[in-house]
There are 2 protein chains.
Amino acid sequence: MGIEKKGSSKISKIRADKVLLAHGSGSKASHEFVANLFLPSFSNPALEQLNDGAVFEISPQIRSFAFTTDSYVIDPIFFPGGDIGRLAVCGTVNDLAMNGATPLYLSAGFIIEEGFEIEILRQVVASMRQAAEEAEVKIVTGDTKVVNRGQLDKLFINTSGIGFLREDIDISGRNAKVGDKVIVSGSIGEHGIAVISKREGLEFDAPITSDCAPLNSLVADMLSATTDIHCLRDPTRGGLATTLNELAAQSNVGILIEETKIPINEPVKGACELLGYDALYVANEGKLVAVVPEKDAPQVLTKMRENRYGRDATIIGEVIPEPKRVLLKTAIGGTRILDMLTGELLPRIC
Amino acid sequence: MGIEKKGSSKISKIRADKVLLAHGSGSKASHEFVANLFLPSFSNPALEQLNDGAVFEISPQIRSFAFTTDSYVIDPIFFPGGDIGRLAVCGTVNDLAMNGATPLYLSAGFIIEEGFEIEILRQVVASMRQAAEEAEVKIVTGDTKVVNRGQLDKLFINTSGIGFLREDIDISGRNAKVGDKVIVSGSIGEHGIAVISKREGLEFDAPITSDCAPLNSLVADMLSATTDIHCLRDPTRGGLATTLNELAAQSNVGILIEETKIPINEPVKGACELLGYDALYVANEGKLVAVVPEKDAPQVLTKMRENRYGRDATIIGEVIPEPKRVLLKTAIGGTRILDMLTGELLPRIC
């Protein structure tokens, strides 16, 4: 067919540095694109089979699984402390870890705007590989679609993940009990502020970098202190305040936290003041909130502080019977209701 | 925060018929959006837990799994014979089925352009539900992102899928053996032509509808005839010719098919002639190619023809030792090499 010949010469000679529609067409060009770009980075036996999906075996001890999905549309693609590739791996690893699951396998679905620089895509893929290695997960299956210029802003990535669950743990947003302690793993608001600063070209005295990180090793360390962790959640979109509201609602309890105990770095505080944001609503990508029985809290904290991603872990409050809301005891001694985020703070933050 | 108040009133009063940025923000608005739109349609215990992922148990007999992902960017969203929702379920179900896996669970990741009509989204979701019911799979976890107007063309959906594999089958693109018969499950080219007709506003004498369908019941019927099926693949992007080339390359064999035996409906033939397409390269979404041992081919065909999606199944050729290419014996008696699609035939066809 004439169409083929034209496509072929265009691909191999004229613009090999840009992503073309043909790279997502199921054609020879897209096969070569996948073979050159993705396979060397994500090399593993399951992926190399090149069937329309990965096949893997599970040991007989494993009965329960967690399955999760997230699309990443962050703008800009590169930001201080990470990029869309690292985020796409860490975000889904963290969703699995927050179920108490040990992440095993990820899928990667790329939707790319025609004309996107292949060299930038290569950097994103390298970053995904590095994050996957750090998190000890394998990217075993993928998909690439290319859409016409102007029909998508640069690059979106979906990752879905599968993890296995131990039989002896039961972590759920429904499990918070009155008297439990609420722990946050470190300082909040860094991801959101880092991204918005980069997007808007803002410069602060002290640089603010995203906390984007895989938290599965932190969760594993926590579970080595006690298997009796009630809730785990990563306060991403909507921030800490929204996550606490989710947990309170799902468990039908109240949560009382103390403003002075919430770790917020000075540069983030300053940026929030300048921009008019409340750090409690700003997205994090490398933090978790844990609800644990009071008696286990000290050991859990000790273990967390030994992990690089939990060094600043601290107890910020506790679960209360009434009112079934999230309450903030402010620095000046009053108490106010901390509601869930109701509008949109920062679009395309993850 | 002022931002919250503003967002809140905007959502509940002014434009409740459009998707807003806030619907993908992790805020109260997005929680309500998910609760109202997705939960009623995809209702199942795993989804209703509302943690950041689904948890499910697997019976002790199951050891092997298939895992696959696909993003759907089809334009237009509604086309004769289907829509992006049906396609997103069927496409991923089919990728699992082509591994010989029994599809179990799907994830659904929506990326939506700000301002998209909620009523249309509701139709897409209803269509996903219907397709999932037909395919007997459960949508157990999901994600919604909303991007600013103009940063995405309407709606993209990613679905990832998990299926289980029986121990007694081994289906792979690598397994074609010399002497095997090549079967196609029905007439080709319908999906691609249906979509392009709708997109370009073309009208033909006879209406052409997409073949978009879940093929897992067809595969199950085939496996009831014999467990010794060598290859299965659905000829989507790149069409039948590209799929045959993939199988020949992966198995390191040649494939000889006969033009007169390839089922193509008259309306598709006419449309291809008019548009200058070769139906062998046009996408299908409800067809499969099977490579089976010669001795098993008759029983497999019989079983296929009893299934609504295999009524017109037929043998179109066989696996040969040399040359290691796909050869087409033409209607007029010659033989030509049928190459893989090299350029881009139809962008955003799935």
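The values are calculated or read from the model by the stated rules, or taken from the named source; none is laboratory data. The model shown is predicted, which means the values in this text are computed figures rather than measured ones. Neighbour counts run over all protein chains shown; Cβ positions are idealised from the backbone, glycine included. Remember, those area values only see protein heavy atoms, side chains included, never the ligands or the DNA or RNA. Shrake-Rupley method; radii C 1.70, N 1.55, O 1.52, S 1.80 Å.
For the condition touching a helix residue (DSSP H, G or I) at 6+ places or on another chain (Cβ under 9 Å), within 26 Å of A:Leu218 (Cβ to Cβ) and aliphatic (A, V, I, L, M), A:Leu338 qualifies. Tell me which residues, restricted to the range B:214-247, are β-branched (Val, Ile, Thr), touching a Pro at 6+ places or on another chain (Cβ under 9 Å), touching a residue at least 60 places away in the same chain (Cβ under 8 Å) and closer than 21 Å to B:Pro347 by Cα. Across the range B:214-247, the qualifying residue is only B:Thr242. The condition (being assigned by TED's automatic domain parsing to the domain that holds A:Met98, among the small types (Gly, Ala, Ser) and modelled with pLDDT under 75) is satisfied by just one residue among A:Gly2, A:Gly53, A:Gly24: A:Gly53. Looking across the range B:319-342, just one residue is over 16 Å from B:Leu247 (Cβ atoms), of a type in the set (Lys, Arg) and touching a residue at least 60 places away in the same chain (Cβ under 8 Å), and that is B:Lys329.
Within this structure, A:Glu167 fails the test of being within 24 Å of A:Val89 (Cβ to Cβ) and among the acidic types (Asp, Glu). Of all the listed residues (B:Val253, B:Val268, B:Val289), the sole one being in contact (Cβ under 8 Å) with a residue 12 or more places away in the chain and over 30 Å from B:Tyr72 (Cα atoms) is B:Val253. Would you point out the residue of the range A:300-318, among those that are more than 19 Å from the chain's Cα centre (by Cα) and among the hydroxyl-bearing types (Ser, Thr, Tyr), that is farthest from A:Glu285 (Cα to Cα)? Applying the filter and picking the extreme gives A:Thr302. Counting only helices (runs of 4 or more DSSP H) that fall entirely inside the range B:22-121 and contain at least 1 residues that are open to solvent by less than 10 Å² (accessible area, probe 1.4 Å) and more than 30 Å from A:Tyr281 (Cβ to Cβ), the qualifying elements are B:84-97. Check whether at least one residue in the range B:111-118 is within 19 Å of the chain's Cα centre (by Cα), at pLDDT 95 or above and under 26 Å from B:Gly310 (Cβ atoms), and report yes or no. For the range B:111-118, residues within 19 Å of the chain's Cα centre (by Cα), at pLDDT 95 or above and under 26 Å from B:Gly310 (Cβ atoms): absent.
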